[in-house]
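Student: Before anything else, here's the structure in question.
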Amino acid sequence: MNKSSDKHLYEQVADRIQELIKQKTLQIGDRLPSVRKLREQLSVSVSTVTEAYRLLEDRGLITVRPQSGYYVKAKIVSQEPNPSAPPQQASIIDTSIVSRVYANIEQPEIIKLGAAISSPELLPIATLNRIMGQVIRTYSEISHSYHSPRGCAVLRHEVAKRLMDAGCAIAPERIIITNGTTEAVHLALQAVTKPGDTVAIESPCYYGLLQILEALHLKALELPTDPREGISLEHLEAALKSSHISACAVVSNFSNPLGSCMSDRRKQDLVELVTKYNIPLIEDDIYGDLSFAGNRPKAIKAFDTEGMVLHCCSVSKTISPGLRVGWLVAEKNFVQVKKLKMVTNMMTSIVPQLTVAHFFANGGYERHLRKLRRIYQSQMEKTRLAICKYFPPQTRVTRPQGGQVLWLELPQNFDVMQFYESALEYRISIAPGIIFSPSQSYRNCMRINCGLLWSEESERALQILGALAQQQLANKILVT
Ligand SMILES: Cc1ncc(COP(=O)(O)O)c(C=O)c1O
């Protein structure tokens, strides 16, 4: 075992056993060594082995038989969705369906599998509140005055340091603090487009981006997207050659809703492509810090030598969506973006900015991330397993290596809006596939949130959803 590894000892033990299962040294039905025996063999503690076995259970690889021991389990396999094939013309956007869908999930007691949110218990709320109290006491007057629209220097400096982890060498002077990623993307698009322009996007894509495009009177060209590798560069190049594309917008790492993460090679190719055609690229990297592998993947911005990429990010998925602290790295468009920020809302509130700056500097951000990544990975595995167990066998599910959402594809005749209404009767929300596409494709798909603390209630909710899906498909067969 490697004591200096980023991973906990029990994770290393679990990984080693998983490898033995993969290599078929341990086969389905084989009994694993007892906790005591493995403890002796590996010179680790009983609790390390117990935790490792628990993790392997979570991963669906082993099962415990009472009074007998741990056994290798037949793994439930599910297929992943195929790359998407959206319509090939630019769409005018109407997101009224998004507001209708989300009006319902505000209701109390709804099990929110439809929103990409976390349980408050998973966020460092107590630490943030303590820091916020100190900030207000220390900067009692500064907290209430106007400041530069760029944001405060101490936070821009901390963000620049964090960007180094994503492979980017960015001067704090190129960073503008925003009210979350939403505002960063909004300002970036506003700076590089004019009403009526067309923006190339992934399909399916985060509906919040569609709402921004709609607000700015922009059109969207949906491009085929692979659930693992992201947007198709071949289709993007064809679109750049043949149509008037003013910008391209993608979620680079563990996207929402597909969970795709572009490889470094493709990130580099994408930057070369947009540079060749002189098209600005808006990168939303909100999930980049949530990689299950531990190491953060690079941002697309890391490959940008010509200032073509406007990089957008925030702390909303890692420490607090409510603080509304995000940032935008803009090079060529910096002056314009700064002006737009000023006329939009003058600046981002100073107390949240200083709170995040202090948390980054000495609040244990890395430690918090390690915990969050582990919990999200486990929750996502449990959710996938439950889907494989309860949903119709034809269901395809993504297998993201980070982030917090799963994308499900059911047979073509599945009606996700009917399913959404039935699920609401059981007080469960899901995000129907059609809200992720301006052409309202994906009527047989849905997104499921894995950010809520796993409980018996989560399992029961997925069991109900699975039964509803089975029922709908069975009725359709009877009717046709
Ligand atoms: C891809 C993506 N971008 C942006 C946002 C919104 O970010 P923020 O709350 O920082 O504005 C979300 C929230 O779900 C998201 O999934």
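Student: With only alpha-carbon atoms in the gyration tensor, what are the semi-axes of the equivalent ellipsoid for the range 70-178, in Å, largest first?
Tutor: 38, 25, 23
Student: Projected area of the range 322-480, taken from the Cα convex hull and averaged over every viewing direction, in nm²?
Tutor: Taking the Cα atoms of the range 322-480, their convex hull projects to 13.3 nm² on average.
Student: Long-range amide H contacts for Leu290: which residues qualify at under 5 Å (H placed 1.01 Å from N, peptide plane, sequence gap of 5 or more or a different chain)?
Tutor: Answer set, sorted by chain and number: Gly403.
Student: Return, ordered by residue number, the residues of the range 181-210 whose backbone nitrogen is under 20 Å from a label point located 7 Å along Cα→Cβ of Tyr277.
Tutor: Once the point is set 7 Å along Cα→Cβ of Tyr277, 188-206, 210 turn out to lie under 20 Å by backbone N, inside the range 181-210.
Student: Please state the relative contact order of the range 139-364 as a whole percent: Cα pairs under 8 Å, 6+ residues apart?
Tutor: Relative contact order, the range 139-364: 29 percent.
Student: Kirkwood-based Rg over Rh for the chain (C-alpha set), two decimals?
Tutor: Checking Rg against Rh, the ratio lands at 0.98.
Student: Tell me, what % of the accessible area of the chain is carbon and sulfur with a 1.4 angstrom probe?
Tutor: 51 percent
Student: Just the number, please: percent antiparallel of the DSSP beta bridges in the chain, rounded to the nearest 5.
Tutor: If I count the DSSP bridges inside the chain, around 55 percent turn out antiparallel.
Student: A further question on this structure: Once the cut-off is 32 Å, how many percent of the Cα-Cα pairs in the range 139-364 end up in the long-distance tail?
Tutor: In whole percent, the share of Cα-Cα pairs in the range 139-364 beyond 32 Å is 14.
Student: While we're looking at this one, here's another question. Within 13 Å, Cβ to Cβ, of Tyr287, how many net charges do the neighbouring residues add up to if Lys/Arg are +1 and Asp/Glu are -1?
Tutor: Charge balance in the 13 Å sphere: -1.
Student: Only helical DSSP H runs with n ≥ 4 go in: add -39500 (n - 2.57) per run for the chain, normalise by residue count and round the 222 nm mean residue ellipticity to 500 deg cm²/dmol.
Tutor: -13500 deg cm²/dmol
Student: Now a separate question. Over the Cα atoms of the range 70-130, what Rg and Dmax result, in angstrom?
Tutor: Cα radius of gyration and Dmax of the range 70-130 are 20.0, 56 Å respectively.
Student: What translational diffusion coefficient, in µm²/s and rounded to a whole number, does the Stokes-Einstein relation yield for the range 357-449 at 10 °C and a viscosity of 1.306 mPa s, taking the hydrodynamic radius as the Kirkwood radius over Cα pairs?
Tutor: This corresponds to a translational diffusion coefficient of 105 µm²/s.
Student: Right, next: Using a 1.4 angstrom probe, figure out how much accessible area the chain has per residue, in square angstrom, rounded to the nearest whole.
Tutor: 44 Å²
Student: Pairs of Cα atoms under 8 Å, at least six residues apart: use those to get the relative contact order of the chain, whole percent.
Tutor: Relative CO of the chain lands at 21 percent.
Student: Still on this model: Across the range 417-431, in residue order, what do the Karplus-derived ³J(HN,Hα) couplings come to in whole Hz, using 6.51 cos²θ - 1.76 cosθ + 1.60 with θ = phi - 60° and x for Gly and Pro?
Tutor: Here the 3J(HN,Hα) series is 6, 4, 5, 4, 5, 5, 5, 4, 4, 9, 6, 10, 9, 10, 9 Hz.
Student: Further question on the same structure: Whole-Å semi-axes of the range 232-356's equivalent ellipsoid, largest first, each the root of 5 times a Cα gyration tensor eigenvalue?
Tutor: Its equivalent ellipsoid spans semi-axes of 26, 20, 12 Å.
Student: Suppose the chain between Ser145 and Ile28 were pulled fully straight at 0.36 nm per residue; how much longer would it get relative to their current alpha carbon spacing?
Tutor: That pair, Ser145 and Ile28, stretches by 35.6 nm at full extension.
Student: What is the sum of charges around Leu468, taking Lys and Arg as +1, Asp and Glu as -1, for the other residues whose C-beta is under 12 Å from the C-beta of Leu468?
Tutor: Taking every Cβ under 12 Å from that of Leu468, the sum is -3.
Student: Mind pulling up the Rg/Rh value for the range 9-72? Radius of gyration and Kirkwood radius, both on Cα.
Tutor: Across the range 9-72, the Cα-based Rg/Rh ratio is 0.92.
Student: Moving to a separate point now. Of Lys112/Lys339; Lys112/Lys194; Lys219/Lys338; Lys219/Lys301; Lys298/Lys332; Lys219/Lys267, which ones are farther than 27 Å apart at the Cα?
Tutor: In this structure, Lys112/Lys339; Lys112/Lys194 exceed 27 Å between Cα atoms.
The values are calculated or read from the model by the stated rules, or taken from the named source; none is laboratory data. Note that the structure is a prediction, hence the values are computed from the model and not measured. Note: ideal-geometry Cβ built from the backbone for every residue, glycine included; neighbour counts use all protein chains shown. Surface accessibility is based on the protein's heavy atoms, side chains included, excluding ligands, DNA and RNA. Shrake-Rupley method; radii C 1.70, N 1.55, O 1.52, S 1.80 Å.
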